[in-house]
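So the structure is just underneath, and the comments pick up after that.
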Protein chains: 2
Amino acid sequence: MHAYTASRISLPSRSALPNRPEAFEPALLQPLGFYPAGAEIYAQGEKAGAFYQVEFGAVRVYRLLADGRRQISAFHLAGETFGFEADTTHHFFAEAINSTGVRVFRLTAGADMSHQLLPLALKGLTRAQEHLLVLGRQSAIERVAAFLVDIAERQGGLRQVELPMSRMDIGDYLGLTIETVSRVFTRLKDKGVIRLLNLRSVEIVKHDALHNMSE
Amino acid sequence: MHAYTASRISLPSRSALPNRPEAFEPALLQPLGFYPAGAEIYAQGEKAGAFYQVEFGAVRVYRLLADGRRQISAFHLAGETFGFEADTTHHFFAEAINSTGVRVFRLTAGADMSHQLLPLALKGLTRAQEHLLVLGRQSAIERVAAFLVDIAERQGGLRQVELPMSRMDIGDYLGLTIETVSRVFTRLKDKGVIRLLNLRSVEIVKHDALHNMSE
DNA sequence: CGCATAATTGAGAGATTTCAACACTAGTGG
DNA sequence: CCACTAGTGTTGAAATCTCTCAATTATGCG
C-alpha cells in the first residue's frame, strides 16, 4: 500500500538528543536488526515477546481500520524505545520509515525487566494521552504546530527540523488528509512561522508563535 | 467550570465485571477515599505518588487547553485502576463523575510495585492507542458506536448499558460537541440500533450493527 | 410544583475532506 | 547529461461533516 524510498537525511547524533537512550544490559550482545524503507518490524496479531530500540532511522507504529484508514499512534526516532505489549500479541503494526537500525531485546521467561520497562511504558502512556488531546480537540493548524514542536524537541530543540516521514505519514499521525497537511505547511510558511527548506526539512523561524499555537 | 449532580445509577456488581479487579496486598489496609460528584481526585501539576482503584462509581481523567477545551483521555469504572505517572508529577486531572469510592495505593520508597504496575500501564497504553484511532480516523457515528461497545464490554457485555457520565463528558471523550453526541444517539435510535431507556441508560438492540459500525 | 441544569432539535456557518488537475522530486536508463 | 516516469506534494473548487448559535423540551432535585 505504501512504498517509500530511502532518504539521505542525517538525524542528529545520539549525544544531541534531549533524552539519553537507556543502556539495557547486556545491550551490546543484543542483535541489531536492519530494515529498509517500508519494511515491517512486526504486524498486528503477531506474537510479541521483545521490545525495540531505534539505533538510526525512524519507525511508525500504526493501526488500520477494515477499510484501510490508518492511524499512526507514534513515531520513534533514534534512541527511542517501542514494541512492548500488554498481551502476548501485537496490537499494532510497526514499520521502518526509511533505512532503520533497531536493537531487539527479547523478553526471556527467566529475566524480569519490569523495572526497565515500567518507566518506558508510562512515558508512552503519557505521550499517547497527550496526543489524544491533539486529535480530539485541536484544529489542523494546531495539530501541525504541536507535531513540529514535538519533533523539534525530540531532535534536540534545534531550529532546523528533519522530518523522516512523508506528508501521508504526518496526516495519518495527526488525523488529517495529506492535502490539509500540505495546506497548513503553506499557511505557516506564508505567516513566516516556518521555512520549508525542502520537502523533508523545516526551519522554525518563530518558535514562540509555533509553541503558542500548539497549546 | 462543570457542575454535576449525583445520579442513582447502580453499576453492575464487581462479580459481574468481565475482568476481576486485581487484589493488591495489603489491599484491605489501604485507605478508601470517598468523592462526591465532581470532586477532584488529583490535579495536573500536583505531586504524584499513588495509584487508585475504583471501588464504586466512575472517574474521568482529562487534560485542558489554555482556552478551556477539554479532552477526557479515559473513563474508569468499578474495578479499574488509574493514576500512575511517568513523572513524580500528575500530567492530568482526575475527578469523580458521581459518588465514587476509590482505594488509594501509596507508592512507598521501599516497596517495588513494578510487577503489578507494568501490566496495568501496558493495558492503559493499548487502550489509549486504540482510542487514538477513534479520534483520528472515525466519524461521529463510529465514535459513539465504539464508545457504546467499549462501555458495554466493560460492564460485562450486557444488553443494557449504564452511562455514568453526561453527554458533555461523552463529547469530551470522543472529541465531539454535546449536540453531535445527542444527534448521533437519536440517529442510532431511529435506525433501531439502540433504545434510549432514559438519559443514562441505553439498550443495545442490534449488537452486530453497532459492532460493525465501530470498526 | 418550580427552577436550574441537561439534553434535544433546527438552521446556518465553518473547517476539513474529496475529487481533480498540476508541479515537483528523485531515481532510471538511454 | 537529459528525458522519462512513478511517486509525492501542492493547489483549487465543490461537497460534506461537524460545529456554533439559538430555541425548545426534558429531567431531577429542592
Single match in B:Ala111, B:Ala96, B:Ala58, B:Ala128 (criterion: within 23 Å of B:Ala43 (Cβ to Cβ) and without any contact (Cβ under 8 Å) to a residue 60 or more places away in the chain): B:Ala128
From the list B:Ala152, B:Ala128, which one is away from chain A (no Cβ under 14 Å) and either open to solvent by less than 40 Å² (accessible area, probe 1.4 Å) or closer than 27 Å to A:Phe93 by Cβ (or both)? B:Ala152
In segment B:82-125, what residues are within 8 Å of another protein chain (Cβ to nearest Cβ) and aromatic (Phe, Trp, Tyr)? B:Phe84, B:Phe92
Residue in segment B:164-195 that is farthest from DNA strand D (Cβ to nearest atom), counting only those that are open to solvent by 60 Å² or more (accessible area, probe 1.4 Å) and not charged (D, E, K, R): B:Met168
If I ask for residues that are in contact with an Asp or Glu (Cβ under 9 Å, 6 or more places away or on another chain), basic (Lys, Arg) and either within 16 Å of B:Phe185 (Cβ to Cβ) or more than 16 Å from DNA strand C (Cβ to nearest atom) (or both), which ones from segment B:128-166 would you list? B:Arg154, B:Arg159
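The values are calculated or read from the model by the stated rules, or taken from the named source; none is laboratory data. What you see is a predicted model, and the numbers here were worked out from it, not measured in a lab. Heads up, the Cβs are rebuilt from the backbone with ideal geometry, glycines too, and the neighbour counts pull from every protein chain shown. Just the protein is used for accessible areas: all its heavy atoms, side chains included, with ligands, DNA and RNA removed. Shrake-Rupley method; radii C 1.70, N 1.55, O 1.52, S 1.80 Å.
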